[in-house]
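Enquirer: Before I ask anything, here is the structure I am working with.
Values in this text are rule-based calculations from the coordinates and carry no lab data. Only a predicted model underlies this, so the values are computations on that prediction, with no experimental measurement involved. Please note: Cβ atoms are built from the backbone with ideal geometry, for glycine as well, and neighbour counts cover all protein chains shown.
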Amino acid sequence: MEENVINWIDFFQAINHPALILDSSHHILAANKASQKYLGLPEDEIVGKLCFNLIHDADSDKAPFSCPLESLVKDGKAETVEMEMETFGGYALVSCTPVFDEKGNLDKIIHIATDITQRKKSEEALKRKEQQMSGLISNLPGVVYRCRNDENWTMEFISEQCKDLTGYNPSDFLYNKKLAYADIIHPEDQEMVWSEVQKAISMDKPFQIQYRIITRENEVKWVWERGFANRDDEKDLFLEGFIEDISIRKESEKALRESEENFRALFENSPMAMVTYDKNGNVKFFNRRFIELTGYTLDDMHSLNGWFSKAYPDPEYRELIQKKWAEKLGKKEKDTNSLPLIADIKCKNGDIKTVEFYGATMGEDTITILNDITHKKIAEKRLKESQQRLNDIIEFLPDATLVIDDKGVVTSWNRALEELTGVQSEDMVGKGDYEYALPFYGERRPILIDLVRKSDAEIQNKYSFLEREGNIILGETKGFIKGDERILWGKAAPLYDSQGNFKGSIETIRDITERRKYEENLQKSEEKYKNMVKELKIAEKALKESERSYRELVDNSLVGIFKTNLDGRILFANEAMARMFHYDSAEELKGINIIKVYSNQDDRFKLLQELEKNGRATDYEVQAKGKDGQKVNVLVSASLEDGVLSGMFMDITERKKSELKLKEKEEQIRAIFNTVKSGIMLVDKEGVIDFANQHMIEMFGYELSELIGMSYLDLTSDSVRKEAEKSMLTLIKGEVDYVLLERLYRRKDGTIFWGQISANRLLKDDGTLKGLIGVITDISDRKKWEEKLKESEEKYRTVVDTAGEVIILFDNKANILEANQKALQLFGFSKKELVGKNLLAIAPQLKINLKEALSSFKDVLMGKDISKTEWNFTNLRGEEKIVVAHYTRLKKGKKTIGITLLLEDITERKKAEDKIKESLKEKEVLLREIHHRVKNNMQIISSLLNLQIKFEDLDETVGVLKESQGRVKSMAMVHEKLYQSDSFSKINFKDYLTNLVSDIFYSYNIQKEKIGLELDIKDVNIGIDTAIPLGLIINELVTNSVKYAFPDDRKGKIGILFKYEDDSYVLIIYDDGVGVPEDIELEKTETLGLQLVTSLVNQLDGSIKLDRVNGTKYTLKFKELKYKDRL
């Protein structure tokens, strides 16, 4: 008895939870060691005190309301409750178990408190996580769901965003309450959705699909869904995923496709030759005009190198062009002010054409535009030749002649002028800044030639005679030539091109000093008549000289000069006129009537009418024809005097061709303007609209007649009008050349929309402002997208900033792009100190191994598995932290653009784990001791049974005691194996079974020569809940074989087979003895041993089968029992 008391006290003291023995009035009678440790008091200071004063409130005079002892004393009901334990600084699971005396009266109460603080913290943390998850889901830009993998997609969970997406409440879909999710999938997409999901499930991969749904309002929406399959505890398949509305994106994609189709149509039908090629120089497309221009197709060349070899067969020229091509067209960033590349190309048919090349980038591709300027170059060459002929004429004029261009630069300084001034042509041509005034006046200043374009009173006063005859100016002044004062007479006139644009001025200068002196002498001379005759001769000589000069000028002129009578007979024609009308010579031309060169004789009749009426006609445009019917466009200027027409023809055929081409190009441009999806307008210097394309009309809802003459500012919203006016003025004033802005516009019906305007200055040839060109694009959809993107980013930022874990975004160069508040708190950085910095700079500050960090970063980018996920570092506050890293690659298409790093702070968990490990070591010692003591106690029971056997004479009694002893030994042996093993829940069953059977043979004094033993046991570990009932079954069945299978000293064998197959354990016990009698049935047996076996088989949730052939064979099948927590 004393031994039992001691064991009970030891057990009470060994309990690892605070345990108290109380009386019914809450006074403490005893306290175990754990209680003393938690309360921090020795037992003698605890005993006698009220438990609630020590545990809850030292000043309270009664127990807490929820105290289980109160309920036990009042109602006799034992309860286990959760209570806050102020002394423990947490929560405990408190149980009060009554102990009754021999009379059944309540004697004392065992009060045990199990610390559940960690569990409560975990529950609270889980609750917070659930709240965070709920907040995260509510902020996602789409629907989160969980559904069954059935034909209805039966929803078990669907988030609140379902209402925005479908128009239905989430509860309408749950378990198909009102309708199934499958019901709203567009009928044409239902089969595809099912097929794609099942395909992904079969491949064990996530699925991503796009399909249409029909909302409650019968609106068709496009959605994008991503999800994956999983199984619940019952192994049933379910789906979890996310559904997002992509209708706007689909509309944008459709618009993009239309835009690309429009571009393709514009590309293919453009009047300009176009070719596109990729970054590697592979040619992708030609348009029709390119083939017409060059003759080459994709079959002729597939790359830029092929183009260069065919278009530039000469190696040196090809090398030069390739170099220029790289400079002007090969750059990613184009200089919009740079001149185009101009080169001669060899066409497929061998023709050489001069082409302008322009380049533009389109993503990774480049588009090159070819403009055929062959005819323009030919015209320029002819113009140059004509200019040279004119220079030759000027060169041989008898009068000193000076020509300057529109910038005041000398372009011609003829021989007569060289002789007059002593300044050579090569020293003067190309000079500006009034250099040409120096030989005459010794200073740089305007002279008569400069007065043609601009009057100057100060200069005009320097002339003693000055007279204007239309555009021509005559003047006389004094100058100094070669150091002598001379009287100079000049005649200046403007020069215009064929379009009437001012190109420069010409001045002829005569030194009339001698003439003036002579005139003065004549006035004083008596021989006035002689002098007059002499002057007449001089004049006659000058006239002859002038007639000679005139003849030279006419003969070498580029215009056709003629004289005819009223009947059309040609009295005179120069060679230029003969060439103009394709005759071999002027003499041949004079042999026809001039009427023959008119395509329509009415034109000559109208010309004569005007001449008879006004005496002259200027720039009269006529459709003429050449000798063989060639079409010739001319301008006729003529005068009529005494029945003779004098005039000239100017060939404008090339100009007419150019005008026609210009008209065609304008029509093409207008067609393009009206097909592009942007509004295009031309605005004058006052901001008034001069022109608008069709899309501009459609965009704003005005008629073209209403837009023309309207101020551009009237199209803007009132809220941005002042800002729009300011930006327009900066363009008009030339402060900027180009603007690209987004602003609000107002349609005719008053609706407001977002538009993007790009505007440029349009300049005249003289550099002055002509007006503005503006392109307005409706970007309302894009703005909606941007707004949605902004909302999504804000939601994302909210999620990131409110996330419970550290989140950091890196680009692929390890620069930190973003970090949430949790990251700043963990590391101790400010946002400014962290974002934008590189991992190379941050790691040393946190005492992180830089080599390991960069290696892990590189492995993540390459998609490798990361072995190191747990990191130690010291933050800026000096706190040592431990985190678990989770890496996710950020991808754009197939390209990795960065990494999302999620860090889980496990510092406190690690500390708790260390404490748990310490606690487990204590528990291991305690469990080892418990198993040891249980084994010893059962050994004592076995010894007591063995002692009792020695005092019994009846074999039946001895047999019963031996069987009981065997059962106790089988259980004791389990506990012995447990405290000897590393695990306190499992034992090596092979060792256990071998020892158990050997012990049975020893107990019954079985000799191996009489009964053999066959063991085939697999080496497995089995839990205590399975090992004890299994050991008892083996003990019963082997003992039965030993006792009854081999009577009368019969020899035989006993065998045991233990294996694991088909997810179950199989135990076979057999012997070749006399066998079990036929009248014994396992389920209905009355023997204690077999009843025990049947009960234990049921406890194992197994089955047992008896085979009586060739002895006895028991086959037991079962699965290992799961360990059950016990209070």
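Enquirer: In Å, the Kirkwood hydrodynamic radius of the range 985-1127 over pairs of distinct alpha carbons?
Expert: Roughly 15.7 Å, rounded to one decimal.
Enquirer: Follow-up. Return the loop-located trypsin sites (Lys or Arg not before Pro) in the range 802-875 (DSSP other than H, G, I, E, B) with at most 12 other Cβ atoms within 10 Å of their own Cβ; answer none if there are none.
Expert: Taking the range 802-875 and a limit of 12 other Cβ atoms within 10 Å, the loop trypsin sites (Lys or Arg not before Pro) found are Lys813, Lys847, Lys864, Lys868.
Enquirer: Right, next: What's the center-to-center distance, using Cα atoms, between the range 696-710 and the range 828-884 in Å?
Expert: 61
Enquirer: Still on this model: Run the quick spin-label model on Trp224 and Asp497: label points 7 Å from Cα toward the beta carbon, then report their separation in nm to one decimal.
Expert: Simple spin-label model gives 5.5 nm for this pair.
Enquirer: Using C-alpha positions alone, give me the convex hull volume of the range 23-71 per residue in cubic angstrom.
Expert: Numbers: hull volume 4.0 nm³, N = 49.
Convex hull of Cα atoms, per residue: 82 Å³.
Enquirer: What three numbers, in Å, describe the spread of the alpha carbons of the range 137-252 along their principal axes, ordered from the longest?
Expert: Taking the Cα atoms of the range 137-252, the three principal extents are 38, 28, 28 Å.
Enquirer: Oh, and also: For the pairs Lys120/Lys847; Lys407/Lys685; Lys77/Lys911; Lys254/Lys310; Lys381/Lys482; Lys832/Lys891, flag any whose C-alpha to C-alpha distance is greater than 29 Å. Provide the component values of the computation, followed by the final result.
Expert: Values: Lys120/Lys847 35 Å; Lys407/Lys685 25 Å; Lys77/Lys911 40 Å; Lys254/Lys310 40 Å; Lys381/Lys482 39 Å; Lys832/Lys891 26 Å.
Listed pairs above 29 Å: Lys120/Lys847; Lys77/Lys911; Lys254/Lys310; Lys381/Lys482.
Enquirer: Placing unit charges on C-beta atoms (Lys and Arg positive, Asp and Glu negative, everything else neutral), compute the dipole magnitude of the range 802-843 about its Cα centre in debye, rounded to 20.
Expert: 100
Enquirer: Kindly provide the Kirkwood hydrodynamic radius of the range 382-511 in Å, to one decimal, from all pairs of distinct alpha carbon atoms.
Expert: Kirkwood radius, the range 382-511: 14.9 Å.
Enquirer: Give the residue from Tyr91, Leu50, Ile109 lying farthest towards the positive end of the charge dipole for the range 47-109; charges sit on Cβ (+1 for Lys and Arg, -1 for Asp and Glu) and the dipole is referred to the Cα centre.
Expert: Value computed over the given set: Ile109.
Enquirer: Moving to a separate point now. With the crude spin-label approximation of a point 7 Å out along Cα→Cβ, what separation in nm comes out for Phe65 versus Gln948?
Expert: 5.4
Enquirer: Show me 416-423, 445-452 ranked by packing, highest mean number of other Cβ atoms within 10 Å first.
Expert: Put in order of decreasing packing, that is 445-452, 416-423.
Enquirer: Do any trypsin sites (Lys or Arg not before Pro) in the range 1009-1061 lie in a DSSP loop with no more than 13 other beta carbon atoms within 10 Å, and if so, which?
Expert: Numbers: sites: Lys1010, Lys1018, Lys1043, Arg1050, Lys1051, Lys1053, Lys1059; in loops: Lys1010, Lys1018, Arg1050, Lys1051.
Passing both the DSSP loop test and the Cβ count: Lys1010, Lys1018, Arg1050, Lys1051.
Enquirer: Quote the charge dipole size of the range 682-784 about the Cα centre in Debye, to the nearest 20; the model charges only the Cβ of Lys and Arg (+1) and of Asp and Glu (-1).
Expert: 340
Enquirer: Shifting gears a bit: Could you give the dipole magnitude of the range 382-511 about its Cα centre, charging the beta-carbon of Lys and Arg +1 and that of Asp and Glu -1, in debye to the nearest 20? Don't skip to the answer; put the middle values down first.
Expert: Details: 18 positive and 24 negative charges, 54 e Å.
Using Cβ point charges on Lys, Arg, Asp and Glu, the range 382-511 gives about 260 debye.
Enquirer: Counting only other residues whose beta carbon sits under 13 Å from that of Gln198, what net charge do I get with K and R as +1, D and E as -1?
Expert: Local net charge: -3.
Enquirer: Work from the charge dipole of the range 382-511 (Cβ charges, +1 for Lys and Arg, -1 for Asp and Glu, about the Cα centre) and give the residue of Trp413, Gly432, Gly442 farthest towards its positive end.
Expert: Comparing the listed Cα positions along the dipole, Gly432 ranks first.
Enquirer: Further, regarding this structure: Search the structure for amide H atoms under 5 Å from the amide H of Ile116, placed 1.01 Å from N in the peptide plane, and list their residues when 5 or more places away or on another chain.
Expert: Residues meeting the amide H criterion: Tyr91, Ala92, Leu93.
Enquirer: If you keep only loop residues by DSSP, which chymotrypsin sites (Phe, Trp or Tyr not before Pro) in the range 18-78 have at most 13 other Cβ atoms within 10 Å of their Cβ? Provide the component values of the computation, followed by the final result.
Expert: Numbers: sites: Tyr38, Phe52, Phe65; in loops: Phe65.
Within the range 18-78, the qualifying chymotrypsin sites (Phe, Trp or Tyr not before Pro) (loop, at most 13 other Cβ atoms within 10 Å) are Phe65.
Enquirer: I need Leu370, Leu93 ordered by Cβ neighbour count within 10 Å, fewest first. Please report the intermediate quantities before stating the final value.
Expert: Details: Leu370 22, Leu93 16.
So the residues, fewest neighbours to most, are Leu93, Leu370.
Enquirer: Take the alpha-carbon centre of the range 733-775, take the same for the range 589-606, and report the distance between them in whole Å.
Expert: 52
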